[in-house]
Every structure is written in C-alpha cells, then in structure tokens.
Amino acid sequence: MKQGRTIAFHTLGCKLNFAETSSLGKQFRDAGYQKVLLEDGPDVFLLNTCSVTENADRECRTVVNRALAVNPDAVVVVTGCFAQLKPEAISDIPGVDLVLGASEKFNAVSFVESKQHKGSTSIHACDIDSVSGFVSSRSSDDRTRVFLKVQDGCDYSCSFCTIPLARGNSRSNTISGVLNEIQSIVDSGAREVVLTGINLGDFGLDPETNQRTGTLYDLLSAIVDMNPPLRIRLSSVEPNLLENRIIELVAGSALFMPHFHMPLQSGSDAVLGRMRRRYRTDLYSDRVRAIKDKMPHASIGVDVIVGFPGETEEEFMQTFDYLRELDVSYLHVFTYSERDHTLAAEMEGAIPQHIRKQRNKMLRILSEKKQQAFSESHVGTHQEVLFESENKNGMMFGYTPNYIRVASEFRSEYANQIIGMQLSGFDSSGMMRGNSLSEIVMHSIKH
C-alpha cells in the first residue's frame, strides 16, 4: 500500500509501555513519518496495549473506533501485551489491519510499509517461548523525566499474572548499554531518569545465553561511578530482590531519590501463598524497616490486589490492618480480575464484584489518608523540587526527591529546573504548595 506519512500513537498500561511507544515513535520518525495527534486523522494509528488493565478487549475496541471515526482509511496497528496474548480477538475488531506480538512490534515500520491493502487483518505474533533479545526503550515526550527500560520479561509464576505469557523470560540490557543510554539522556537535557523493567530487581540476565552477567546492585554501582548530572529513581522492585546493599547504596548516594515502590499484593500470608508470591509479610516488613532506618524521609509505595479468589473477610482485614500500621506512603490498589491461562482463574471461591469494589474503596481511602499524612509531615521543610514544563491554568507541578507533588504559580524559568522550595501546606484544592527559598530570603530582607 502507499506509505503513510503521518502517525498517531495511543498507549495503555504501564510506564514501560510508554517508553516502548516512544522508541517506536523514533523508528517511525527516522523512516520519514510525522507524529500527529489522533484528532488530526493520521495515515497510521498504532495502539500499544496492556494485559493488566481490566476490560482490555473493550478498551482496545473503543480506541480503535475513535481512530477510525477520524480517518476510516487509517492503517490501524495493535501491539503490546494484549496483542501477544489474544491476537485473534484483536483481529476480530473491525478496522484493525495489523496485530504485532512481543518481538514483532519493534519491526512495526517494516510491517506497516509491507501492508498491501486495507480490509484484511494480518497477525504477526510468535510463540512467546521463542522471544529473545533485548530492545532498549525510553520515553522521549517529556524532557524533565525519562523512563528508561533496562529489563524486560519475568521468570516468576505468580498465579494471577499473564505478564510472563505476554513478555517472555527475564532479560536485560548490559550495564554498558544502560550507561550509554543514560549519557544520551543527559545530552538531551533531561533532569531525571526512572529505571524501569517488568521485574527490575532481576536485572542482569543476558538475553542470548540466559546467564547472569550482573545484578541490579552492580548496575546502580556503575551509575554511581558514572555520576551523571541526573536524579535517578527506581521503579517497582520485588521485596525479595530489594537487598540491603541496594538500600544502603541508595541511601548513601545523592544521585538516587529516596523513593521506593514495592509490590505487596496482600497482607495475608495465606493469600500470598495462593498467589505464589516469593515472600511473606515478615520479609516485607523487614524491607520497610530497612528503608526507614536508613532514610526516615523516604517514600514507599505499595501495590495491593483485593478480591483474589478465596479471599475471606478475615484475610482482607488482615491486609487492611497490616497496611494501616505499616510505615508506607501510598497504595496502588487493583481489583482482581480473572485472566485466561492463569492458575488463579481456575481457583474456587470467586469474590462477588460488589465486595471487590467495596474492598478497593476501603484501601483507596486508606491510601489517601496515608499520602496526606506523609505529605503533611514535610510541611515547613526545604525540598528540591523538579518542576515540569506544562502550564495548567496558571499552575505548574513538580516532585520532591521523595515524590511529594508540589504546586506553584507557573513561571517559565522554573520549567525543567530543580528549585529549592519550602513546603507551606495544602491549598483549598488539596494540593501541596511551595514557596521558592529565594523568595523567602528576599521577603526576610525586606522585613
């Protein structure tokens, strides 16, 4: 078919997906395509899907229909985790031209340009066991904060998760490869990098030999030796892989932000067993204590799932009480939903949807209280806030090292800059406000 010259993207799911979409965008730009908005009626529309989000099929159909409503002749490409897991289901969506699996998505340009005509759907998705190699990806739309993929896939077999089926075995970039990416990010003018992966703590497996050539600790140590002019954050790390030496390294280096995200999934050891998680609550509590002992000001985020098959009221309240007492800062709460080809989907004791929603609401309220209490404990403190460039109705926003979101009146000179701020408290909309330390000094001089 005639090569289109405009393309629009839409991404569902995690930050890793956004990083990969950005890399695909660069490939299309290098091939001569111009990135436009969906509303502009692109020649090509690429949807990067997620298998973790609920109602993945419905989300996919909705977005595809939006694209075709703008340009019925657009070449529609669907890729990502859902495309790998259920390519036939996606091919049944009217208007989809190409379905690309886990490996094939990184050759999207070739598949698009070899598509002969619209009206028939082509599926290109290999067996997930044959997926090998590592393709580095990073977000590029935001100069302030860059998400850098350093690891992909997972060798764990949690009973609720389809990620290993969608992404394949654990594999990583090399340490030298990551350092080269970081240098490129520095050259681009970004101020912060978030290291991401499907199972980040398992970093170090060579994609070709499946032999370990390093560890996450080795990577972080190499970054310390490099000493780039960046703030470095870690995305989610499994508690059983968050070693004491990693915590000590983060605590001892100004490069790394005092911000951790550790998936818990349940505060009931019985449920953790049914989930086939590789830790219990005593180890999780130990990791939280280790972080707080070294960095009392550190922020800790927690993933938790409610409504897992067989979760009794007593087991849910164990989770609620455990999290209420735990010294963590916020929760990401997920309602369990059945996934084909998982052990959990075959388990007895399905929880009614209204009870799942009720439990989700309880934990979300708890999260709001914890997040507010954590932020309030920093009122009056001086913080280095990295501001984003977006002007939202005269306001701009940024994050402290320990991930407190701060609002300030928009000033173009603050964009993509780290500004010393004194946190002054919540405004009427519930946002934490900050005052520039230079303004505070000037105010003191005048008075």
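The values are calculated or read from the model by the stated rules, or taken from the named source; none is laboratory data. Note that this is a predicted model, so its numbers are computed, not measured. In this analysis, Cβ positions are derived from the backbone assuming ideal geometry, glycine residues included, and neighbour counts consider all displayed protein chains.
Summary of values
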{"read-out": "Selection status of residue 387, crowded, with 18+ Cβ neighbours inside 10 Å, under 23 Å from the mean Cα position of the chain (by Cα) and aromatic (Phe, Trp, Tyr)", "value": "yes"}
{"read-out": "Qualifying residues in the stretch 408-423 (those that are among the polar types (S, T, N, Q) and in a loop (DSSP other than H, G, I, E, B)) - the one surrounded by the most Cβ atoms within 10 Å (Cβ to Cβ)", "value": "416"}
{"read-out": "The listed residue being within 20 Å of residue 180 (Cβ to Cβ), crowded, with 20+ Cβ neighbours inside 10 Å and assigned by TED's automatic domain parsing to the domain that holds residue 201, out of 234, 230, 242", "value": "234"}
{"read-out": "Looking only at the stretch 282-321, and only at residues there that are farther than 29 Å from residue 401 by Cβ and aliphatic (A, V, I, L, M), the one that is farthest from the chain's Cα centre (by Cα)", "value": "317"}
{"read-out": "Meets criteria (outside the structural domain of residue 222 (by TED's automatic domain parsing), modelled with pLDDT under 95 and more than 23 Å from the chain's Cα centre (by Cα)) for residue 341", "value": "yes"}
{"read-out": "Of residues in the stretch 358-369 being touching a strand residue (DSSP E or B) at 6+ places or on another chain (Cβ under 7 Å) and not aliphatic (A, V, I, L, M), the one surrounded by the most Cβ atoms within 10 Å (Cβ to Cβ)", "value": "359"}
{"read-out": "Subset of the stretch 322-338 that is more than 22 Å from the chain's Cα centre (by Cα) and acidic (Asp, Glu) - its residue that is farthest from residue 13 (Cα to Cα)", "value": "325"}
{"read-out": "Options 162, 121; residue that is polar (S, T, N, Q) and free of Cβ contacts under 8 Å to residues at least 40 places away in the same chain", "value": "121"}
{"read-out": "Complete set of residues in the stretch 94-110 that are within 27 Å of the chain's Cα centre (by Cα) and either in a loop (DSSP other than H, G, I, E, B) or surrounded by fewer than 23 Cβ atoms within 10 Å (Cβ to Cβ) (or both)", "value": "96, 101, 102, 103, 104, 106, 107, 108, 109"}
